[in-house]
Structure formats: C-alpha cells, structure tokens
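This report concerns only the one structure given below.
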Amino acid sequence: MGTAFPVLYPYDLVAGPAGATAAVHHKNVRPTDRRSLKPGRPHAFGRVATPWGLEVSGVWNRHEWANGERWCHYPVRITRNGVGPGTAPVAASFSVALDPQVVSDVRIVSARLNGKAHDAGVRLLSATRTASLFEIRWTTRVKPRSGDRLDLGLEVRTRKPPGDLPTVKHPTVGLIGMGNHITQRQTGLNSMSRSDSQWA
C-alpha cells in the first residue's frame, strides 16, 4: 500500500511503473511464485485512455489614462499549448474577464495553429456585462494534440476613464468547459492574470 501525491506537469506521469504483485506460497514453504494484483480491465471501459493537458499563456498590452498616471492591462493574444501525450477530448474553450470601466469590446480577429493561419471555428458562447465585470466566453473546434499551439489574436476597444477609479477588475483569461476528465494533466497553467494595475 502507499500514498499518491499528485504533482504538476511535466512531472505528473509515472515512467516505467512496476506492476503490483504478491508472493504466493504454501504454508511453511518458501514462496516460489508471484501473482499480479492488477485487476482486469472490463471490456465496457474501451481502450486505455491517454493523458492530455493544456497550458494557457499569452501577450498583454497596457492601457493608460490620466496622462499615463493610471493603467491596467488587457490580452492581445491567447495561446493554448497541448502538452499531451494524447489529444484533448474536448475543444479548446476559454473566457476573458475584464473591467467594463476600461474595456468596451473584445473580438477575436485571427487564429494560427502551429504558426500557420487556421480556421479554428471560433464561436461566441456568451457575453456578460455588469458595472464591475465584462466577461466573454468563446469556444473553438480545435482539439489540441500533443505539441499543438493555438494562437488567437484579439482586438480590444478601450475607454479612457476621466480619472481615478474606485476599484478595478484585474484581467483574467482561463480555460472553460474542459469537463471532468480523469486523464487531464494538471499543468498549473489553466489561467493567467495581471494584478500590476494602477487605477487610483
């Protein structure tokens, strides 16, 4: 028996695991046989699932107002990296949460898969706007394979607040709708944000 301690990618996969076995022998006789303790895989389970994972990264731009004394950031590129070894079983979907006092609109204007222009089938899922939150959710038809890189270019329309703001929503980009897949690798990079804003 033992205890499993989950670790993050790339140290989360076991290399060359040893099968669980037990020594079998008759009473008062030295064991001469070892038997596997691994249970049989039911046919209903299908093929053995392959682990997969996605990492989120991107590029930020800085928006300034009040003669450059106030600023915050917004994403201009969102990148999804497939870390495999398998293919993601669901399409790459994500959300962008921004401050509506600073950002008025966001659109996806380009998509590149592994450095080449690609029709990623980007589709708007929803857009929510309140006094303190502007959140947009998109999905694509891309299921990243191991080593795939999907880059999405954003066009962001900004506002110029007249001066100090009482609060600011720090920008956040994150994966959504990835389901509850037991084979999903935990990269620790499912979202990104910026907190280095100066708004008051």
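Observations
- The set of residues in region 150-186 that are more than 29 Å from Trp71 (Cβ to Cβ) and either basic (Lys, Arg) or open to solvent by 20 Å² or more (accessible area, probe 1.4 Å) (or both) comprises Gly177, Gly179, Asn180, His181, Ile182, Thr183, Gln184, Arg185, Gln186.
- Only listed residue being on the phi < 0 side of the Ramachandran plot and either touching a His at 6+ places or on another chain (Cβ under 7 Å) or open to solvent by 60 Å² or more (accessible area, probe 1.4 Å) (or both), chosen from Leu189, Leu133: Leu189
- Within region 105-124, residues that are at positive phi have Cβ atoms under 6 Å from residues that are open to solvent by less than 70 Å² (accessible area, probe 1.4 Å) and not basic (Lys, Arg) in these pairs: Gly121/Thr140, counting only partners at least 6 apart in sequence or on another chain.
- Residues of region 111-129 that turn out to be open to solvent by 70 Å² or more (accessible area, probe 1.4 Å) and in a loop (DSSP other than H, G, I, E, B), as a count: 3
- Being open to solvent by 80 Å² or more (accessible area, probe 1.4 Å) and touching a Phe, Trp or Tyr at 6+ places or on another chain (Cβ under 6 Å) is a property that holds for Arg62.
- Failed condition for Gln186, given (1) assigned to a strand (DSSP E or B); (2) within 22 Å of Ala88 (Cβ to Cβ): (1)
- Selection count where residues are open to solvent by less than 50 Å² (accessible area, probe 1.4 Å), in a loop (DSSP other than H, G, I, E, B) and in contact (Cβ under 8 Å) with a residue 24 or more places away in the chain, scope region 65-78: 1
- Annotation note: of Ser95, Ser57, the sole residue that is within 13 Å of Val173 (Cβ to Cβ), open to solvent by less than 40 Å² (accessible area, probe 1.4 Å) and hydroxyl-bearing (Ser, Thr, Tyr) is Ser95.
- Scan of region 45-54 for residues that are assigned to a loop (DSSP other than H, G, I, E, B) and open to solvent by less than 30 Å² (accessible area, probe 1.4 Å), ordered by number: Gly53
- Restricted to region 97-131, and to residues there that are under 20 Å from the mean Cα position of the chain (by Cα) and among the small types (Gly, Ala, Ser), the residue that is farthest from Gly177 (Cα to Cα) is Gly115.
- Considered as a group, the residues in region 98-110 that are assigned to a strand (DSSP E or B) and among the aliphatic types (A, V, I, L, M) include one that is surrounded by the most Cβ atoms within 10 Å (Cβ to Cβ), and that residue is Leu98.
- Some residue of region 10-22 being over 41 Å from the mean Cα position of the chain (by Cα), at pLDDT 70 or above and in a strand (DSSP E or B): no
- Criterion violated by Asn81 - all others in (1) among the polar types (S, T, N, Q); (2) closer than 24 Å to Leu13 by Cβ; (3) in a loop (DSSP other than H, G, I, E, B) satisfied: (3)
- Unmet criterion (only one of (1) under 30 Å from Ala66 (Cα atoms); (2) open to solvent by 70 Å² or more (accessible area, probe 1.4 Å); (3) within 21 Å of the chain's Cα centre (by Cα); (4) among the basic types (Lys, Arg)) for Arg141: (1)
- For the residues Lys169, Lys160, the requirement of being in a loop (DSSP other than H, G, I, E, B), at pLDDT 95 or above and either more than 17 Å from the chain's Cα centre (by Cα) or closer than 14 Å to Val76 by Cβ (or both) singles out Lys169.
The values are calculated or read from the model by the stated rules, or taken from the named source; none is laboratory data. Every value quoted in this text rests on a predicted model; they were computed, and no experiment measured them. Counting neighbours? That spans all protein chains shown, and the Cβs are built from the backbone with ideal geometry, glycine included. For accessibility, only protein heavy atoms count, side chains too; no ligands or nucleic acids. Shrake-Rupley method; radii C 1.70, N 1.55, O 1.52, S 1.80 Å.
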